[in-house]
Amino acid sequence: MKYLPCALLFVAAPAAAVEPVAAPPPPVAAPPPVAALPPPATDDSVPRPLRLSFVSTSAFGVTHAKFFNQLFGARVDYRFTSRFAFGGALAYANLKGKDRRVHNVLPEVLSEYRVPLQKESLGLPVRLGLGYLPKNGPTLRLSVGFAFALGERATFELVPFEALLWLDRERPEVSLDGTLALGVAF
């Protein structure tokens, strides 16, 4: 009996009252998969939508009457986006007349689409302009050039490819032009 107390240790003790164990909660349904969010819209707004440019155009007549006309003026554009602008221009026109040089004023309305070549630092402006030269008639201008950013606000434009149709009373004339412009946005 010497080992009896130790043996009692291994004897099962009477079972104590067991409380019922609650069933585990049902598994929580996984949230439905989130649809891929559309990419954020690009902000194409322009911080300074107005642009004032000072313009010089040299027009070389290539049709019937060979001529050289010089235009100096200003252009104001409202840029709706970084690519599209609409505006107007007013230029002093030094023109070849019948007997001598004549002076006139050329108002124009212009629309511009800018193809970005290097974000905002270099672009390719494509411009269409309609104007009216008093005592002569309407004009139509189509130009393609290069616009270089000189900082946040200033631009320099070189337009080596410009065709200008001069519809005067006698016959239409066409000139191939070159334009330089310096612009400031505000």
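Read-outs: derived from the displayed coordinates by stated rules, not from any lab. Remember, predicted model here, so these are calculated numbers, not experimental data. Heads up, the Cβs are rebuilt from the backbone with ideal geometry, glycines too, and the neighbour counts pull from every protein chain shown.
Going by neighbour counts of Cβ atoms within 10 Å, the residues Ser45, Ser143 line up, fewest first, as Ser45, Ser143. Scalar couplings 3J(HN,Hα) for the stretch 133-141, obtained by applying the Karplus form with A = 6.51, B = -1.76, C = 1.60 to θ = phi - 60°, are 9, x, 6, 10, x, x, 10, 9, 10 Hz; x denotes Gly and Pro. Fewest-first ordering of Asp77, Asp168 by other beta carbons within 10 Å of each residue's beta carbon gives Asp168, Asp77.
Kindly count the pairs of lysines across the stretch 46-151 whose alpha carbons are less than 27 Å apart, treating pairs on different chains or eight or more residues apart as eligible. Intermediate results must be reported in sequence, preceding the final value.
On the way: Lys66/Lys96; Lys66/Lys98; Lys66/Lys135; Lys96/Lys135; Lys98/Lys135.
Within the stretch 46-151, the lysine pair count is 5.
By other beta-carbon atoms within 10 Å, ranking Thr81, Thr179 with the fewest at the front produces Thr81, Thr179.
The alpha carbon gyration tensor of the stretch 82-156 gives principal lengths a ≥ b ≥ c with a/c of 1.5 or higher and a/b greater than b/c, which makes the shape prolate.
Compute the Kirkwood hydrodynamic radius of the stretch 50-185, taking the inverse of the mean of 1/r over all pairs of distinct Cα atoms, and give it in Å to one decimal.
Values: mean 1/r = 0.0661 Å⁻¹.
Taking the inverse mean of 1/r over all distinct Cα pairs, the stretch 50-185 comes out at 15.1 Å.
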